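The values are calculated or read from the model by the stated rules, or taken from the named source; none is laboratory data. None of the values given here were measured: they were computed from a predicted structure. Note that each Cβ is placed from the backbone with ideal geometry, even for glycine, and that neighbours are counted across all protein chains shown. Just the protein is used for accessible areas: all its heavy atoms, side chains included, with ligands, DNA and RNA removed. Shrake-Rupley method; radii C 1.70, N 1.55, O 1.52, S 1.80 Å.
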Amino acid sequence: MATKSSDSSHEQAPLSYRKSVEIKATHDQFFVWREFLWGGIAGAFGEGMMHPVDTLKTRLQSQIIMNATQRQKSIPQMLRTVWVGDGLKGFYRGIAPGVTGSLATGATYFGFIESTKKWIEESHPSLAGHWAHFIAGAVGDTLGSFVYVPCEVIKQRMQIQGTSSSWSSFISRNSVPVKPRGDMYGYYTGMFQAGCSIWKEQGPKGLYAGYWSTLARDVPFAGLMVVFYEALKDLTDQGKKKFPQYGVNSSIEGLVLGGLAGGLSAYLTTPLDVVKTRLQVQGSTIKYKGWLDAVGQILRKEGPEGFFRGSVPRVMWYLPASALTFMAVEYLRDNFREKGNNNNNVVSNLSIERKTSSTSVHEG
């Protein structure tokens, strides 16, 4: 009897082990899918918090199209212009499409970073490390661009308008041509009205204005940000080994490292952002025929400094926005991992208990 019980117990132990492995594999797969959710929440959170700075950046970069003059306003002057014309709500114009676009981009960005990075490292070991991080970030951002770009076009056109009263005042004061000539688009009252209006007047081409210039900006930006973030994490991990007493919470680590990675990547890609913004806000007024034409005109008329217009508010936006985004992702990851680890420990403990009971029965 004792021997039979022992054999039965021994057969249960491997079964328990197999179940624990299956649960862990399912948990890891589910965790990757959770990255899409965490990334979406974090992206929307970062955009919502920093939207006023983005409005300032968009106004600075597009003012030459609106004013048709070489005299450009500085950051303090533009701050005053928005505040006097629209008040606080002027800085939040276009926040709905902004948050929607960032939600989509954040979901695909972080989701595909985890899944694509693992696949690249396993299938192409020669691309492991920084190359895997760069490719994963670029792929995630490219997929998100199908939703992000139309939202970006709508957001930026709403940002440069301000409220309806300031838009009407601007048109009458500066004699900006509007319908029926169609040289400048009409006023947008909201996200859906703007999207429908652009689609009706310009079709898909209008909603995807500056699509390739957006990819030209965002693919290197997304790739560089992951590379910088992972490289900084490697440095901090080395520091933790040498000085374990100075370890910090992963959320705080994500806040600091994410901010540094985002700010540096943002500055390096500012010239690409300037070209993209100019192409997207010009509407049906064809000032720039394409990406190369925009680059040539900016260089001839404004010089190299023209490519860095809005670089300060762009960095000011990405430093805290990236910091908040990575902090939120790390926080959500930690909470989910803790729950997953507890579940795995339960399975492991059950397996150990069965093995122990098996031994005691056998000895009896």
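What the table shows:
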| read-out | value |
| --- | --- |
| V32 vs. criteria at pLDDT 75 or above, in a helix (DSSP H, G or I), open to solvent by 10 Å² or more (accessible area, probe 1.4 Å) and among the β-branched types (V, I, T) | no |
| Test: K205 is within 30 Å of I113 (Cα to Cα), charged (D, E, K, R), modelled with pLDDT of 80 or more and open to solvent by 30 Å² or more (accessible area, probe 1.4 Å) | yes |
| Residue in region 265-280 that is nearest to Y318 (Cα to Cα), counting only those that are at pLDDT 90 or above and either among the acidic types (D, E) or under 15 Å from the mean Cα position of the chain (by Cα) (or both) | A266 |
| Scope region 284-302; condition surrounded by 15 or more Cβ atoms within 10 Å (Cβ to Cβ) and at pLDDT below 85; matching residues | T285, K287, Y288, W291 |
| Selection count where residues are part of a helix (DSSP H, G or I) and either in contact with a helix residue (DSSP H, G or I) (Cβ under 8 Å, 6 or more places away or on another chain) or under 29 Å from I41 (Cβ atoms) (or both), scope region 68-110 | 29 |
| Residues being surrounded by 14 or more Cβ atoms within 10 Å (Cβ to Cβ) and without any contact (Cβ under 8 Å) to a residue 40 or more places away in the chain - total across region 303-318 | 3 |
| Conditions (1) farther than 28 Å from Y208 by Cα; (2) open to solvent by less than 60 Å² (accessible area, probe 1.4 Å); (3) of a type in the set (A, V, I, L, M, F, W, C); number of the one not met by W119 | (2) |
| Contacts under 9 angstrom Cβ, first residue in region 47-63 being within 11 Å of Q159 (Cα to Cα), partner among the acidic types (D, E), 6 or more apart | D54/E47; K57/D273 |
| Count of region 289-302 residues which are within 18 Å of R217 (Cα to Cα) and in contact (Cβ under 8 Å) with a residue 12 or more places away in the chain | 4 |
